[in-house]
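This report concerns only the one structure given below.
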Amino acid sequence: MSFIDLLILGFSEAMTPMNLGFCLLGALLGTLIGVLPGIGPTATIAVLLPITFFLPPLAGIIMLAGIYYGAQYGGSTTAILVNLPGEASSVVTALDGYQMAQNGRAGSALAIAALGSFFAGTVATLALAVAGPTLSVFALKFGPAEYVSLMVFGLLAATILASGPVLKAIGMILIGLLLGMIGTDRATGDARLTFGAIELFDGIDFIVIAIGLFGFSEIIANLEGSGSEGVKLAKLTRLWPTRQDFREAWPAVLRGTGLGTVLGLLPGGGATLASFSAYSMEKRMSRHPEQFGTGVVAGVAAPESANNAAAQSSFIPLLTLGIPSNNMMAMMLSAFMIHGITPGPTVLTSQPEIFWGLVASMWIGNLLLVVINLPLIGIWVKLLTVPYRLLYPAILLFCCIGVYSMNNRVFDVVLAAGFGLLGYLFRKAKCEPGPLLLGFVLGPLLEANLRRTLLITQGDPSIFVERPISLTMLVATVILLGLMILPSFRKTREEAFQEEDA
Amino acid sequence: MRGPSAAQRGDRPDLLTALIFVGFGALGLFLARPLDGGTLAQMGPGFMPRVICGLLILVGLAVGLPALRRPLVRIEPVKIRPVVVILLSIVGFGLAVTYLGFVLASLWLILAGAMADPGGKMRQTLLLAAGLTAFGALIFVYGLGVQVPLWPF
């Protein structure tokens, strides 16, 4: 089938009333949680994962994807209007966006953010449509050795590009790998690391870990540092940007989109990294860097385009190689797995309607988001006045039902509470739990492929350096490790993330 | 010259990290004892767990040892109330939903969970509990068909 035929197939799938409905629902939910501080997309998707089990595969995935990119739109709204970034990825938007609002240009800041995001979403969706089939042909050449090297590279690169100390991130990945090994060993049938508990013979469910680490521990942490009641809103003025705003915004949108699309592809990359990088790049390229932070249009346009582009392009490695690049994509992977679909090159040929339906729904979703966000902005802003005290019981209930409904077992609920406590400890230890999920999802894949490789070669590990693709990945891994030891690189990396901590 | 005394040293969050990492590694090694390691060509179930746990302990030490000599950084203060209240209400929900049905479990979860935030008003919390329980029953039990009894009888 030609490219056009496949796109038409995708749109016909995405336009069915049911899929369209779930796309809208995802976009609405994404905007909602993007607006509400204290609830991130990771926690929301963790909560909704069990529900997708009751939906057809494509509808569920369309909804989850909508939440992820919808949150990028919603997060910018609060960043601009109340200087309260709803999401980590809109922290930098608040710098100039809130200043614009203070200067009475809230409307044009919001419009620039939404239109820039829409443009970026369109480009990134197109990139996904073009890169998908190309990359998957390439991926079909991968043997187990290549997959092992790719996963090692992906896991390591993810720790370096993510914020926070590298060693801690590596440790978190290792804990994730270890947790992934609990249960019956697939090759030999032996029970591993189960404490003899029958409930653990099937392994720990991804949802239990995700809801525990992100849902429950986030509630506890938010309650500990409560005080998000009552916010002061900037006054909303005319919505349409001036011609001057457009002229200043469009090059920044272009640059942000390009950078975001590329950064979304990288392991560990994603919306947050993209928006920070785009902002600092814009500042560096500007002729008046000193004006940044006082309400510059480019300071809103670039990061907002970048985070949306990255949110969508990070689907590329997952859908073409079957390798999730960040914790959000790890969630998506498990959403596919719930329905027995393993994302990767074969899905494109065996179930093209899944891939193309998702691609088409992303574009439709972006269009819906512009409508949801611009004319309806007043409604979302009202939601900000809802205190957390009324929100968290609802989140708590959804989390609990979600965990329980998987197997109807008390055990899962208690285990999730345990992971909630563990997540709380991680927060106190200043460890970011994202890499753990990545390790947990990739662990079984890594082990199975490593075993397969060494079984084929009779225990000879030299295959990893003899196969060119595998060798390239390993060399890249070694270079990354080498860079981490170099003091000058470490310094630049720390500087790059300093703004994020502020 | 008076150096900082021993009590003023140690990056506590990093030391906690090291404790977690080494603890997980040691626990994993302990549990993996009966598992067969196998050979490279024919890996047994114990091979990867041992490798991972070994690495985990190494990383834990690499985080922890330098942290001992760094100046004191305290762990953010722990508020015990939300931790205990939230965790207990979750566990209570799990038990109640099995033996007492969804309605009572949900009411328990929200009423007990609301104790985590001392600022709540009684009337508001009761209304919230009733509303969320009805909503949850409609969406999850009727709408999505989650297999759980509504009432204890």
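The values are calculated or read from the model by the stated rules, or taken from the named source; none is laboratory data. Nothing here was measured: the structure is a model prediction, and the numbers come from that model. Cβ: placed from backbone, ideal geometry, glycine included. Neighbour counts: every protein chain shown.
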Taking B:Q8, is it facing another protein chain (nearest Cβ under 9 Å) and either in contact (Cβ under 8 Å) with a residue 12 or more places away in the chain or farther than 30 Å from B:A116 by Cα (or both)?
no
Return yes when B:A134 is within 10 Å of chain A (Cβ to nearest Cβ) and more than 19 Å from the chain's Cα centre (by Cα) and no when it is not.
no
What are the residues in the range A:322-337 that are over 24 Å from A:E432 (Cα atoms) and in contact with a Leu (Cβ under 7 Å, 6 or more places away or on another chain), if any?
none
Does B:G46 count as more than 20 Å from the chain's Cα centre (by Cα), modelled with pLDDT under 95 and facing chain A (nearest Cβ under 9 Å)?
yes
Can you go through A:L48, A:L29, A:L55 and tell me which one is surrounded by fewer than 24 Cβ atoms within 10 Å (Cβ to Cβ) and free of Cβ contacts under 8 Å to residues at least 40 places away in the same chain?
A:L55
Do we find a residue being assigned to a helix (DSSP H, G or I) and more than 19 Å from A:M328 (Cβ to Cβ) anywhere in the range A:22-39?
yes
Within the range A:393-424, considering residues that are surrounded by 22 or more Cβ atoms within 10 Å (Cβ to Cβ), more than 18 Å from A:E218 (Cα to Cα) and touching a residue at least 40 places away in the same chain (Cβ under 8 Å), the one nearest to the other protein chains (Cβ to nearest Cβ):
A:S405
Tell me, which helices (runs of 4 or more DSSP H) lie completely within the range A:92-183 with 1 or more residues that are among the basic types (K, R) and away from chain B (no Cβ under 14 Å)?
none
Taking the range A:73-92 and keeping residues over 15 Å from A:A106 (Cα atoms), of a type in the set (A, V, I, L, M, F, W, C) and modelled with pLDDT under 75 leaves A:A88
Looking at the range A:468-488, is at least one residue within 26 Å of A:P144 (Cα to Cα), at pLDDT below 90 and outside any helix (DSSP H, G or I)?
no
Please tell me if A:I80 is more than 15 Å from A:G260 (Cβ to Cβ), in contact with an Asp or Glu (Cβ under 7 Å, 6 or more places away or on another chain) and touching a residue at least 12 places away in the same chain (Cβ under 8 Å).
no
Filter the range B:58-83 for residues that are of a type in the set (D, E, K, R) and more than 10 Å from every other protein chain (Cβ to nearest Cβ); the one that is nearest to the chain's Cα centre (by Cα) is B:R74
Qualifying helices (runs of 4 or more DSSP H) (wholly inside the range A:261-359; at least 1 residues being charged (D, E, K, R), more than 21 Å from A:C23 (Cα to Cα) and modelled with pLDDT under 85)
A:271-285
Looking at (1) under 25 Å from A:L319 (Cα atoms); (2) out of contact with any Leu (no Cβ under 7 Å at 6 or more places or on another chain); (3) not hydrophobic (A, V, I, L, M, F, W, C), which is the one condition that is false for A:D96?
(1)
Output the residues belonging to the range A:76-91 that are assigned to a helix (DSSP H, G or I) and surrounded by fewer than 24 Cβ atoms within 10 Å (Cβ to Cβ).
A:V82, A:A88, A:V91
Unique match (being within 23 Å of A:I33 (Cα to Cα), more than 23 Å from the chain's Cα centre (by Cα), surrounded by 18 or more Cβ atoms within 10 Å (Cβ to Cβ) and among the β-branched types (V, I, T)) among A:I377, A:I372, A:I364
A:I377
Restricting the search to the range A:409-459, which residues are of a type in the set (D, E) and at pLDDT below 85?
A:E432
Out of curiosity, is B:G120 at pLDDT below 85, surrounded by 14 or more Cβ atoms within 10 Å (Cβ to Cβ) and among the small types (G, A, S)?
yes
Any residue in the range B:117-130 that is among the β-branched types (V, I, T) sitting within a Cβ distance under 7 Å of a residue that is in a helix (DSSP H, G or I) and surrounded by 11 or more Cβ atoms within 10 Å (Cβ to Cβ)? List the pairs, counting only those 6 or more apart or interchain.
B:T125/B:L111; B:T125/B:A114
Filter result for the condition that a residue is under 25 Å from the mean Cα position of the chain (by Cα) and at the interface with chain A (Cβ under 7 Å from one of its Cβ atoms), over B:L55, B:L40, B:L88, B:L107
B:L55
Cβ-Cβ under 9 Å, sequence separation 6+ or interchain: first residue in the range B:40-66 and surrounded by 22 or more Cβ atoms within 10 Å (Cβ to Cβ), partner in a helix (DSSP H, G or I) and among the polar types (S, T, N, Q). Which pairs?
B:G60/B:T17; B:V63/B:T17
Go through the range A:437-467 and give me each residue that's surrounded by fewer than 15 Cβ atoms within 10 Å (Cβ to Cβ) and more than 10 Å from chain B (Cβ to nearest Cβ).
A:S462, A:V465, A:E466
